[in-house]
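Please read the structure below before turning to the comments.
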């Protein structure tokens, strides 16, 4: 298995890598079979610059998935799921996650070899979300008879469906409005009758 390791880079090199990753996301989202040359052109760098940073197309896609997964993990952490009131954390985590998933749709859905770093990062996100859903139940926001893990899976499915609709149109996404719809849909299905939305 080819493990991709992203090492700390100088600030200018980090900016170049980020530019390449963002250009690759835009390009591959529109044209999944785009070449490294097309990605380099979209990034405004020489093909050799892309190849110097990413030896293969697979290495580039893996790096994109790792980058996107880290952005998702940061988005969930920014909602402070352990300390913010759980309903507030749920809304904020939803809006934050939608921004990442819509902007990084290709990378978030890339098929990688099992056991990769992106999967490990996403597993950490699942743990944080499960903690949040347990807090939602403890606070009486989720019904006592609902399995919080099942509720989290339904929540993930709702996010996935919204992201499928917005794929390729991140600038058109009113993530706050969609976050509200997702949370309200979820809580009307598994929430307690008295939950104020």
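With only alpha-carbon atoms in the gyration tensor, what are the semi-axes of the equivalent ellipsoid for segment 28-107, in Å, largest first?
Numbers: eigenvalues 220, 29, 16 Å².
Equivalent ellipsoid semi-axes, largest first: 33, 12, 9 Å.
Highest GNM mean-square fluctuation among 161, 117, 22, for the chain modelled with Cα contacts below 10 Å: 161.
Counting only Cα atoms, segment 7-55 measures 31, 18, 18 Å along its principal axes, largest extent leading. In the chain, helices alone account for a calculated mean residue ellipticity at 222 nm of -22500 deg cm²/dmol, with every DSSP H run of four or more residues adding -39,500 (n - 2.57).
Let's test the formula: R0 of 45 Å, r as the Cβ-Cβ distance of residue 48 and residue 145. What FRET efficiency results, to the nearest 0.05? Please report the intermediate quantities before stating the final value.
Details: r = 60 Å, r/R0 = 1.33.
That gives a FRET efficiency of 0.15.
Between 145, 174, 78, which gets the highest mean-square fluctuation from a Gaussian network model of the chain, Cα cutoff 10 Å? Result for the chain, Cα springs under 10 Å: 145 fluctuates most.
Put simply, the C-alpha atoms of the chain give a gyration tensor, and the ellipsoid matching it has half-axes of 35, 17, 14 Å, longest first. Using a Gaussian network model of the chain in which every pair of alpha carbons under 10 angstrom is joined by a spring, one finds that among 183, 102, 149 the greatest mean-square fluctuation is at 149.
Distance between the 7 Å Cα→Cβ label points at residue 176 and residue 18: 2.4 nm. Along its first, second and third principal axes, ordered by size, segment 86-157 spans 38, 24, 17 Å in Cα coordinates.
Values quoted throughout were computed directly from the atomic coordinates according to the rules given, and no laboratory measurement underlies them. From a predicted model like this one, the values you see are computed outputs, not experimental measurements. Glycine also receives a Cβ, built like all others from the backbone with ideal geometry; neighbour counts cover every protein chain displayed.
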